[in-house]
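Below: one structure, written as structure tokens.
The values are calculated or read from the model by the stated rules, or taken from the named source; none is laboratory data. Being a predicted model, the structure only gives us computed values, none of them experimental. Here the Cβ is made from the backbone with ideal geometry for all residues, glycine too, and neighbour counts use every protein chain on show. The protein model used for the area step is the full one, side chains on, heavy atoms only, and it has no ligands, DNA or RNA in it. Shrake-Rupley method; radii C 1.70, N 1.55, O 1.52, S 1.80 Å.
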Amino acid sequence: MAPAGQRKIDWARGYMPVLGAIRKDFIERQPFAGKKIALCLHLEAKTAWLALVCRDGGAQVTVAASNPLSTQDDVVAALVAGGVRAHAWYGASDEEYEEHLRLALDVEPDLIIDDGGDLVTLLHTTRRELLPGILGGAEETTTGVLRLKAMDREGSLAFPMIAVNDARSKFLFDNRYGTGQSVWDAILRTTNLVVAGKKVCVVGYGWCGKGVALRARGLGAQVVVCEVDAVKANEALMDGYDVMPMLKAAAEAEFFITVTGNRNVISGEHFAVMRDGAVLANAGHFDVEIDKVALNEAATARSVVRPNVEQFVLSNGHRINLLAEGRLVNLAAGDGHPIEVMDMSFALQALALDYINGHKLENRLYAVPEEIDDHVARMRLESLGCSIDILTDVQKAYLESWQ
């Protein structure tokens, strides 16, 4: 399978000029020489290229999957052929998934990249003997950063971590435009249903939710937003969407997409009032946002009606269609975020590891340094042949003066 996987990686590489420029610098400097890096990410072509860039910077790289349904086996095979250690395969059971994470940590890494916080959690629970050797790491997604913030607040973080997700060059693009496009790409290719004229419920109006709602409106849908944050609810209203409680939306919408990072945001009381043929998809990191236990209990029959579509028949005869087992739909049923968007995110990841490797940091959660965030944004503009204005000394002085 390796040649097929390599072709996927080569295609992605051709549209990731920022990470390509970083690779050239890494080849010259070899910042990770003698270092071991463990990556827990969705294993597809774009993340594979990040792993290879770290390898070319001198690291011994080991990868494991952050989701058992997002792994592309041919890409993993290509990584192995390229000298990267890999512990992952598509459709791994929960037990196999956890074993893969443990095997990735068996190399005793110096640096980590995490997506969702599973590596960090293992290191702080069952693999604490490895903590003294960890220089630090970077976290890719909102869910993982939420976990890290909780650890940081209670002072339990045993090594420095950088919240890559919270960089402007990440969430303004990856979370908004990347999630918006990739979620609908996955839903459309999986269901082959029309969206125009239908009512779409977006549960959660963070940056990911904004992207999903924006693209739904672009497809011609009537968009409803469900929120618990009053400020975000006002923002959704002023962006032109309806806002209502989940129970009311459940009886009206035909598509439901969860993007909250929380559990059971669609549950039994909501299933009971849904329209026949409702489509449920999750775009949050873990498969806990749609209450699958309650859905199973409410169903009188269930069957797989299309690849990545499981249909549950309720006692009232209504059919509810769950996509990709309630896992991250854009990767479990699609190819994930667009390549060019991930070029920025993975450039931040590579530079974050480089920063940690070159600095002595305290054991806490850090924002991406502003100079790195700005550097990645400027590199992308340069790769597009786009230039922008620069403040004059007079303008800088004016902005910095209280007078």
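Which helices pass in the chain if a helix is a full DSSP H run, must span at least 27 angstrom along its long axis by Cα, and must have mean Kyte-Doolittle hydropathy not below 0.0?
Values: long enough: 339-358 (28 Å, 0.83).
Counting only whole DSSP H runs, the qualifying helices are 339-358.
Under the rule of at least 5 residues apart or a separate chain, name every residue whose amide H is placed under 5 Å from the amide H of Tyr366.
Met161, Ile162, Ala163
Roughly speaking, to the nearest percent, how much of the stretch 234-341's 1.4 Å accessible area is carbon and sulfur? Kindly include the intermediate steps, with their values, before the conclusion.
Working: 2250 of 4610 Å².
Solvent-exposed carbon and sulfur of the stretch 234-341 make up 49 percent of the total.
Percent of Cα-Cα pairs per 10 Å bin, from 0 to the last occupied bin, for the stretch 228-331, please list those.
Over the stretch 228-331, the share of Cα pairs per 10 Å bin runs 15, 48, 29, 8, 0 percent.
Using 0.36 nm times the number of residues separating Met238 and Arg128, minus their current alpha carbon distance, what extension gain do you get?
On the way: separation 110, 0.36 × 110 = 39.60 nm, distance 4.78 nm.
Using 0.36 nm per residue and subtracting the Cα-Cα distance, I get 34.8 nm.
Using DSSP to define loop residues, name the chymotrypsin sites (Phe, Trp or Tyr not before Pro) in the stretch 296-403 whose beta-carbon has at most 15 other beta-carbon atoms within 10 Å. Show your work: numbers first, answer last.
Numbers: sites: Phe312, Phe346, Tyr355, Tyr366, Tyr398, Trp402; in loops: Trp402.
Answer in residue order: Trp402.
Counting only protein heavy atoms and using a 1.4 Å probe, what share of the accessible area of the stretch 111-233 belongs to carbon plus sulfur, as a whole percent? List each step's numbers first, then the result.
Details: 2540 of 4560 Å².
Carbon-and-sulfur percentage of accessible area, whole number: 56.
For the pair Asp10 and Leu399, what calculated FRET efficiency results from E = 1/(1 + (r/R0)^6), where r is the Cβ-Cβ distance and R0 = 45 Å, to the nearest 0.05?
Details: r = 45 Å, r/R0 = 0.99.
Taking R0 as 45 Å, the efficiency between Leu399 and Asp10 is 0.50.
Using the structure shown, list the pairs from Lys149/Lys232; Lys24/Lys170; Lys36/Lys149; Lys24/Lys46; Lys46/Lys170 with a Cα-Cα distance above 19 Å, or answer none. Could you put the intermediate results ahead of the total?
Details: Lys149/Lys232 21 Å; Lys24/Lys170 22 Å; Lys36/Lys149 25 Å; Lys24/Lys46 17 Å; Lys46/Lys170 15 Å.
Long pairs (Cα-Cα over 19 Å): Lys149/Lys232; Lys24/Lys170; Lys36/Lys149.
What accessible area per residue comes out for the chain, rounded to a whole number of Å², with a 1.4 Å probe?
Result: 44 Å² per residue.
Using Cα centres only, tell me the gap between the stretch 40-103 and the stretch 261-280 in whole Å.
For the stretch 40-103 versus the stretch 261-280, the Cα centre distance is 33 Å.
Along each principal axis of its Cα atoms, how long is the chain end to end? Whole angstroms, biggest number first, please.
65, 59, 44
Tell me the trypsin sites (Lys or Arg not before Pro) within the stretch 1-76 that lie in a loop according to DSSP and have at most 13 other beta-carbon atoms within 10 Å.
Details: sites: Arg7, Lys8, Arg13, Arg23, Lys24, Arg29, Lys35, Lys36, Lys46, Arg55; in loops: Lys35.
For trypsin sites (Lys or Arg not before Pro) across the stretch 1-76 that sit outside H, G, I, E and B with at most 13 neighbouring Cβ atoms in 10 Å, the list is empty.
Could you name the lysines whose alpha carbon sits less than 18 Å from that of Lys248, not counting residues in the same chain fewer than 8 places away?
Output for Lys248: Lys198, Lys199.
Per-residue counts of other Cβ atoms within 10 Å, averaged by peptide: what ranking do you get for 380-388, 127-135, 57-65, highest first?
With the highest mean Cβ count within 10 Å placed first, the list reads 57-65, 127-135, 380-388.
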